[in-house]
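Written out below as structure tokens is the structure these notes cover.
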Amino acid sequence: MPKSFRVSLAGLSCLVILVSYSARSESCEDESAHAIGERFRLEYPAASKKLERFYTNVTMSVRQASVRQRSSEGGFEFVDWVFRGNGGSFRRDNTKGDDLSATVSVYDPRLSFRVGRKSSSSEYSLLWIAELPSDDYLESVSTLRSQSLACAAPFCTLVGQRIVDLILEKSFVIIDANRVANPSGDLLKIDWKSPLPDGRARWGIFVFAPDECWALKQMTLNGEILVVGTGKTVKFGSGMDVDYLDKNDGVPLVHQVRTWSIGDAGKSPRFILDVKSVRPGAAPAADFTPEAFGIRMDPAPVPVSIAPTLFTLSALVGVLAVLLIQFKRRSALRAQRA
């Protein structure tokens, strides 16, 4: 065999091996991303349930710094709030200013209300109260979570939607999944998209700590907002970082939450939430009633069974009928005698 032919054959063999190795490498990467995605779908629901159970049965004190919207003012505006949870009952106390004026919102499947006071020395007054329909109650809870991310960030999106509900949507698709090196343990990054029912785009990134009960560490949320009255859509972007400190029964405790918006100029901070204290365990049920704020509610009227009432009326009608018949007979007899 000519020497040149043997060299060419050897080169061809190397090329085949190289192409084959490259193909196997790409296949392994695809399988790795697929495996991570499948692990996420398999393990996350149970882990998120544990996170939600903890953070909906807790009392948490938070200092919230909000970036002033007017550029002329600059700086931050501070609000202190306390979140209390007991299963399906939720309460948030907002305290603001040197006079400690406060508003308290309570959402409960049976009775929801809001009270307020002008200063620490004044009494609470009832601002509104209602028995919310189920859908309105759930929407109110979602809004409360979006406004109280320190006790919702581990298992919710920026808009208060539970992540487990998002991934169960038929439109939810994992675009990519990979590991992120981290000194405290590997993190998993999930790139996803899930168009809204009206066709508007929605996509983002989740970064989870699988060894810490799949707590959310970072997320971005991008999409399109429909401009009312124009029929046009405007793109938006926002994000959130979550830091944890210590654990309780395997659940990481939120230490700080930072949210930001994404624009042409890059990231712009919006809120910084510093957790001052966390007390695990459901708050007392009495904390979710108007009476907890010195507001007495009129007792509900005692329901009266209608069956005895109808029976009594029927009996009276029967007695009256008998009396009427006797009266007619007596009248007839008197007429005959006359």
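The values are calculated or read from the model by the stated rules, or taken from the named source; none is laboratory data. Quantities reported herein were computed from a predicted structural model and do not represent experimental measurements. For neighbour counting, all protein chains shown are included, and Cβ atoms are generated from backbone atoms with ideal geometry for every residue, glycine included.
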Return a yes/no flag: does the stretch 96-119 have any residue that is under 13 Å from the mean Cα position of the chain (by Cα) and surrounded by fewer than 20 Cβ atoms within 10 Å (Cβ to Cβ).
no
Within the stretch 227-245, can one find any residue that is part of a strand (DSSP E or B), surrounded by 12 or more Cβ atoms within 10 Å (Cβ to Cβ) and among the polar types (S, T, N, Q)?
yes
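Please verify whether the stretch 159-168 includes one or more residues that are in a helix (DSSP H, G or I) and either within 9 Å of the chain's Cα centre (by Cα) or among the basic types (Lys, Arg) (or both).
yes
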Every residue in the stretch 83-124 that is farther than 18 Å from Leu138 by Cβ, modelled with pLDDT of 90 or more, in a loop (DSSP other than H, G, I, E, B) and among the aliphatic types (A, V, I, L, M), please.
none
Options Ala201, Ala177, Ala181, Ala152: the member that is under 17 Å from the mean Cα position of the chain (by Cα) and either under 21 Å from Tyr55 (Cβ atoms) or of a type outside the set (Asp, Glu) (or both):
Ala152
Among the listed residues Asp211, Asp274, Asp243, Asp287, which satisfies the condition of being at pLDDT 95 or above, over 14 Å from Ala150 (Cβ atoms), more than 18 Å from the chain's Cα centre (by Cα) and among the acidic types (Asp, Glu)?
Asp287
Looking at (1) surrounded by fewer than 16 Cβ atoms within 10 Å (Cβ to Cβ); (2) at pLDDT 50 or above; (3) part of a helix (DSSP H, G or I), which is the one condition that is false for Glu73?
(3)
Lys118: of a type in the set (Lys, Arg) and either touching a Cys at 6+ places or on another chain (Cβ under 8 Å) or within 26 Å of Trp260 (Cβ to Cβ) (or both), yes or no?
no
Note on Ala153: of the conditions (1) free of Cβ contacts under 8 Å to residues at least 24 places away in the same chain; (2) surrounded by 13 or more Cβ atoms within 10 Å (Cβ to Cβ); (3) part of a loop (DSSP other than H, G, I, E, B), unmet is (1)
Looking at (1) of a type in the set (A, V, I, L, M); (2) outside any loop (DSSP other than H, G, I, E, B); (3) farther than 15 Å from Met60 by Cα, can you tell me which one Leu132 breaks?
(2)
